Amino acid sequence: MSKLSNSGAEPPKVKLVTEVWGPIKSLMAARRNILEIIPEVATKQPIVSGRTGSVRWHMVMEPHAIGRILKDNLENYPKSDVTKNILKPAIGDSLFIAEGAHWRWQRRAASPVFTHRNIANLAPIMSAAADNTCARIDAAGEIVDLYEEMVRTTFDVISNVTFSGSGAMDSAEVRHAIDRYIAQTARISLFDIIGVPTWVPRPSRLFQPNALKKMKTVADIAIANRKKHGAKAVPDLLDLLLEGQDPETKRRMNMAELRDNLLTFIVAGHETTALTLSWALYLCAFDPEVQDKLRDEAQSVLQGRTATAADCATLPYTDQVIKETLRLYPPAAFISRTAQGKDVLCDRDIQRKDTVMLPVYALHRHHAIWDNPDQFDPMRFANGHKPDRYSYLPFGDGPRICIGAQFAMIEATIILATLISRFRFERIEGRDPKPVMVLTLRPEGGVPLKVSRL
């Protein structure tokens, strides 16, 4: 393992549980930050089990057992009812929510959308967004909240690759609608903690914000207009979804399925990448030697220009920094499943209706898998090193691995390399972000950094 340039210091982390909690204390922690209910022992043991109210639960950190959950016995472990209840009002029965045959045909129909060729055709939009971000940072003051900037940057990318900059969406309005929806519905209810059946309404999830209804209407209008006027010269995500067809059943998505999957790509496709970039820039400020090495690579390759998709293969250290960021701060840091039948994981009996959790945050900091797991060290991924399968899950794994993983990595590489080649980022004492997960792992308080033009 490489020598760490920050003398063994650790970037911000979640304080995990070191004592037994009752339902009320668990609820309070879960509503504040779901990761705070993870026992500290989960970073050292293969499985941790318990009961809260009537709910039997298991947290699984052993890679072979995770492979059984995500691949070998996939049908026994669908997404938890809590996850579905939170997201279904926003994104319907789309790829992210659907199970079984309904998921399989949608996946087959949507997979061609994210081929390397299609992503490369859309990558100039990513480069343009990186340029626009540099201009905004240039015009800002000395202190810049890089989380806000990255959310705006990646939302510009996803809205333009979805609707080709047609003006169909007010980006700020839609982004705020998503934020309001998540704030209203995504926090854990006491009913979830104590095992009240999911058909009993959770008060915080009874009503959809008007902004969310408007977002669905905007998507419906955009789809109808595209059907009427035809595809763009360079097909965007909407064109590609309209063309998509399940090669086995020849089924195409109807209007509601198109809308729900578009909204899935918009919701999932901007915030996860924005979070990755925000945490990466913070970590570069946290470890100036990493930042300098990253800048040397970016400036050597780019020579003052904006990064493109073609540059990604020549930016290996940038790739390492992004992968290490995703290890420490995975956007989807906590995955929950509901067992449909009996099974055995790590020699432990799993019963029907048990909640089976994959605390990715703990997995990525597990002492049996990673050396110095809480420290920031991009050299873990040097020379194309790949961790053992199912021990590193920034995009999930198995058949349901994130369909947009390659898109996200190319976008993050283009934007990070461009920014780091033009600016220096420095921490502000006392304003380090706190990792807090509501639906994704966000930096509470934003990522305010001192920024200087090179």
Segment 77-105, residues that are among the basic types (Lys, Arg) and either at pLDDT 90 or above or in a loop (DSSP other than H, G, I, E, B) (or both): ARG104
message: Any residue at all in segment 439-448 that's over 17 Å from the mean Cα position of the chain (by Cα) and assigned to a strand (DSSP E or B)?
response: yes
- prompt: Of everything in segment 2-37 that's among the small types (Gly, Ala, Ser) and surrounded by 14 or more Cβ atoms within 10 Å (Cβ to Cβ), which residue is modelled with the lowest pLDDT?
  reply: SER5
statement: ASN160 meets each of (1) crowded, with 22+ Cβ neighbours inside 10 Å; (2) more than 18 Å from LEU212 (Cα to Cα); (3) among the polar types (S, T, N, Q) with one exception, condition (1)
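Which of the helices (runs of 4 or more DSSP H) contained wholly in segment 220-317 include at least 1 residues that are of a type in the set (Ser, Thr, Tyr) and more than 25 Å from the chain's Cα centre (by Cα)? Can you show your working first?
Details: elements: 237-243, 255-286, 288-302.
Of the helices (runs of 4 or more DSSP H) lying wholly inside segment 220-317, those with at least 1 residues that are of a type in the set (Ser, Thr, Tyr) and more than 25 Å from the chain's Cα centre (by Cα) span 288-302.
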- prompt: Would you say THR264 is in contact (Cβ under 8 Å) with a residue 40 or more places away in the chain and either closer than 25 Å to PRO124 by Cα or touching a helix residue (DSSP H, G or I) at 6+ places or on another chain (Cβ under 9 Å) (or both)?
  reply: yes
- prompt: Which residue out of PHE407, PHE376 is outside any helix (DSSP H, G or I) and of a type in the set (Phe, Trp, Tyr)?
  reply: PHE376
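So which residues in segment 356-373 are touching a residue at least 60 places away in the same chain (Cβ under 8 Å) and in a helix (DSSP H, G or I), if there are any at all?
If the condition is that a residue be touching a residue at least 60 places away in the same chain (Cβ under 8 Å) and in a helix (DSSP H, G or I), then TYR361, ALA362, LEU363 are the ones that fit.
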task: Any chance you could count how many residues in segment 203-255 are among the basic types (Lys, Arg) and either at pLDDT 85 or above or within 13 Å of THR162 (Cα to Cα) (or both)?
output: 7
- line: Of the residues in segment 57-72, those that are outside any helix (DSSP H, G or I) and crowded, with 19+ Cβ neighbours inside 10 Å number 5
- request: Please work out which residue is nearest to LEU16 (Cα to Cα), limiting yourself to segment 336-355 and to residues that are part of a strand (DSSP E or B) and modelled with pLDDT under 95.
  value: SER336
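The values are calculated or read from the model by the stated rules, or taken from the named source; none is laboratory data. Here the structure is a predicted model, which is why all the values come from computation and not from measurement. Backbone-built Cβ (ideal geometry, glycine too); neighbour counts: all protein chains shown.
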